[in-house]
Amino acid sequence: MKVKTANKRKILNDPIYGFTNIPNELFFDLIEHPYFQRLRRITQLGLTYLVYPGAYHTRFHHALGAMHLMQIAIKTLRDKGHEITKNEEQAVLIAILLHDVGHGPFSHALEHSIVHGINHEHISMMIMDKLNDEFDGKLSLAIQIFQNKYPKTFLHQLISSQLDVDRLDYLKRDSFYSGVSEGIINSDRIISMLNVSNGELVVDAKAIYSIEKFIIARRLMYWQVYLHKTVLSAEFTLVEVLKRAKTLANEGVNLFCTSALREFLENNHTLKDFNKNPELLALFCQLDDFDIMTSIKEWTKHSDKILSTLSQKVIQRKLLKIELQDTKFDPSYVEKIKAKAIKLYNIKPENCQHLVFTNTIDNKAYNPKKDKINLLYKNGDIIDIAEAADQLNISVLAQTVTKHFLCYPKNCVV
């Protein structure tokens, strides 16, 4: 008797889009793979839930949502007469599904804290190569498109550009879960206006106001959510926890942690190490938010004053005070705070950098020097949104705004 196999054409209920579907068995198997399932345990917005309690959604949610939007975008372009073969459709859907698979714990918050000099795009690419081997080359075209090495440039732009389905999903999703309505965009309207001209992704000109709203929403979401001052304090404190733990591990101090995390605490692995030792990728793919939080909970009791203090601040949400301003902080002001911290916490001056530190953040809603958002007019003219916008000065939004911030313990106010 023939054994009945499980139905792999699943229907999923997404809180943003309603019912969505998994296209075929290959996608089901990719989603079921441990490397992808790991994304269930990686928060989309790092420690943002310490400010917006609902922002607990994960990279898993986002990846599936982006794939859903890509399905709609492909149908839109086909309906407008642009040829996209079945193989190309499958490849671009795989590429968007896996575009964030290389994210480490807490997403961007610890981007360069676990592995030095390697961003999540590098690791996503390594994982896709590994999966391509496991799936007998079925991801080859997806990898070509992901790397922008395929002739149809617009397919890559749907994955990575200033108006890609990645951004369309995360703005809408992050707005929904955080409850910040300023990030709400009309993704249906924008996708329905997508088009292709000379092999490049463009937008029909009548969508100009939807695109303006999209750029404004992105700007506001950065200041109100992604770069919220309390979020910055929490995430940079988390970075300092990992820095201190790594310093101690390199000095031979035995720290409680998972075996996967231990490998990256005790060694300063670079991209070269990943290329030499394939096992490192497998170890990295065992890491998620749970490894970090479980370790930090235990480190709250560690004998090292710096590590235990910082860990307690993250776990108990007793965050560092943060000051934000347009100009650099007066060095003498920072030194006074450091002196107070050294005295209060009885620490060595060279260790004070973990408790008192400065840094900068940048916000640019639109970058005309990168791939532009081009509007397609009925007469065939193509004009950059920054030039065409008549309601908003997009060129102003294209300017980089830099803010300086200073973090320090609240009991060190001078």
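Quick one: plug the Kirkwood hydrodynamic radius of segment 318-414 (C-alpha pairs) into Stokes-Einstein at 10 °C, 1.306 mPa s, and report D in µm²/s. The Stokes-Einstein estimate is 95 µm²/s. Counting only Cα atoms, segment 163-320 measures 62, 41, 18 Å along its principal axes, largest extent leading.
Dipole of segment 263-333 computed with +1 at Lys/Arg Cβ and -1 at Asp/Glu Cβ about the Cα centre; of 278, 299, 320, farthest Cα towards the positive end is 320.
Using the Karplus relation 6.51 cos²θ - 1.76 cosθ + 1.60 with θ = phi - 60°, the per-residue 3J(HN,Hα) values for segment 205-218 come to 4, 5, 8, 3, 6, 5, 6, 4, 4, 4, 5, 5, 4, 5 Hz, with x marking Gly and Pro.
What separates the Cα centres of segment 51-71 and segment 112-179 is a distance of 14 Å. For the listed peptides 379-386, 191-198, 214-221, 271-278, a ranking on the average number of other beta carbons within 10 Å per residue, highest first, reads 214-221, 191-198, 379-386, 271-278.
When you filter the GluC sites (Glu not before Pro) in segment 238-322 for DSSP loop state and at most 14 other Cβ atoms inside 10 Å of their Cβ, you are left with 251.
Dividing the convex hull volume of the alpha-carbon atoms in the chain by its residue count gives 167 Å³ per residue.
Each of the peptides 325-333, 103-111, 53-61 was scored by the mean count of other Cβ atoms within 10 Å over its residues; in descending order, highest first, they stand as 103-111, 53-61, 325-333. Cβ-Cβ distance of residue 333 and residue 362, R₀ of 30 Å, FRET efficiency by 1/(1 + (r/R0)^6): the value works out to about 0.85. The ranking of 315, 296, 347 from fewest to most other beta carbons within 10 Å of each one's beta carbon is 315, 347, 296. Taking a straight Cα-Cα cut-off under 21 Å and skipping sequence neighbours fewer than 8 places away in the same chain, the lysines within cross-link reach of residue 328 are 229, 336, 338, 340, 364, 403, 410.
Read-outs throughout are calculated quantities, based only on the coordinates presented, and are distinct from any laboratory measurement. The structure displayed is predicted, hence computed values, not measured ones. As a convention, Cβ positions derive from the backbone with ideal geometry for all residues, glycine included, and neighbour counts pool all protein chains shown.
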